[in-house]
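The values are calculated or read from the model by the stated rules, or taken from the named source; none is laboratory data. Just so you know, these numbers come straight off a predicted model, no measurement behind them. Cβ atoms come from the backbone with ideal geometry, glycine included; neighbour counts cover every protein chain shown.
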Ligand SMILES: [Zn+2]
């Protein structure tokens, strides 16, 4: 889809939508990509948007603006929708599907583009369910190295797919899409699921131990039954001793 103008600019360090500013240079906004001055075009013919003032549009201005806006919207909202995830746990004779539920989780604290071990998550949030790194996908998907790092460190990694977002979405609808929508989000690593799988595996190991114990008792009973049967068969096969009538009569 061809993207039209830039819907978000920066005003006094904050992300601001075209609908929230005055027209023209009075918008007092700057480009999230190149920091050039922006002019708000709010006429009647085309969708309202920002344009660069007196310079060419910078490369990828729309994508940069959407990416910048989205991560700041997530941070200022202070919560995010988490989609459900599922996986299958197998152990010996047991198999179970483990799931996590959809939920909206509040941040205890969060940071935009903080550095961590050579990686820069778009948003890093600390929650009651651990640390979540949140990546905004407009043109570039999260790199595999970051996914590996998160899975090794027990950090949940959530990606928000905004690659097909309509350019003329209202501010409210875009904010809702970024924060509240479940269907455009997916986990690249869900530590909640790791915890559930570990619990499930632990339960299965306990169940299997009980199974082995009950099986060994049954086996013991079976061994005894076989031994008695063998003994009886042996007795049946041996010649019967004749009854000693003489001894019996002499004695009476
Ligand atoms: Zn620019």
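Structure values in brief
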| quantity | calculated |
| --- | --- |
| Residue list for region 118-135, restricted to those being in contact with a helix residue (DSSP H, G or I) (Cβ under 7 Å, 6 or more places away or on another chain) and surrounded by fewer than 19 Cβ atoms within 10 Å (Cβ to Cβ) | 119, 129, 130 |
| Selection within region 1-33 - farther than 19 Å from residue 76 by Cα, modelled with pLDDT of 95 or more and surrounded by fewer than 19 Cβ atoms within 10 Å (Cβ to Cβ) | 22, 23, 24, 25, 26, 28 |
| Per-region count, region 8-37, residues away from the ligand (no atom under 16 Å from the Cβ) and not in a loop (DSSP other than H, G, I, E, B) | 6 |
| Residues of region 109-145 satisfying the condition of being on the phi > 0 side of the Ramachandran plot and modelled with pLDDT of 95 or more | 130 |
| Candidates 98, 179, 138, filtered to the one that is closer than 30 Å to residue 212 by Cα, buried (at least 17 other Cβ atoms within 10 Å of the Cβ) and touching a helix residue (DSSP H, G or I) at 6+ places or on another chain (Cβ under 8 Å) | 98 |
| For residue 46: the one exception among (1) free of Cβ contacts under 8 Å to residues at least 40 places away in the same chain; (2) out of contact with any helix residue (DSSP H, G or I) (no Cβ under 8 Å at 6 or more places or on another chain); (3) in a loop (DSSP other than H, G, I, E, B) | (1) |
| Given (1) over 15 Å from residue 15 (Cβ atoms); (2) within 16 Å of the ligand (Cβ to nearest atom), number of the condition residue 84 does not satisfy | (2) |
| Residue check for residue 65: modelled with pLDDT of 95 or more and within 12 Å of the ligand (Cβ to nearest atom) | no |
| Count - residues of region 152-185 that are touching a strand residue (DSSP E or B) at 6+ places or on another chain (Cβ under 7 Å), touching a residue at least 60 places away in the same chain (Cβ under 8 Å) and in a loop (DSSP other than H, G, I, E, B) | 4 |
| Extreme residue, nearest to the ligand (Cβ to nearest atom), among residues of region 38-60 that are more than 23 Å from residue 162 (Cα to Cα) and in contact with a strand residue (DSSP E or B) (Cβ under 6 Å, 6 or more places away or on another chain) | 38 |
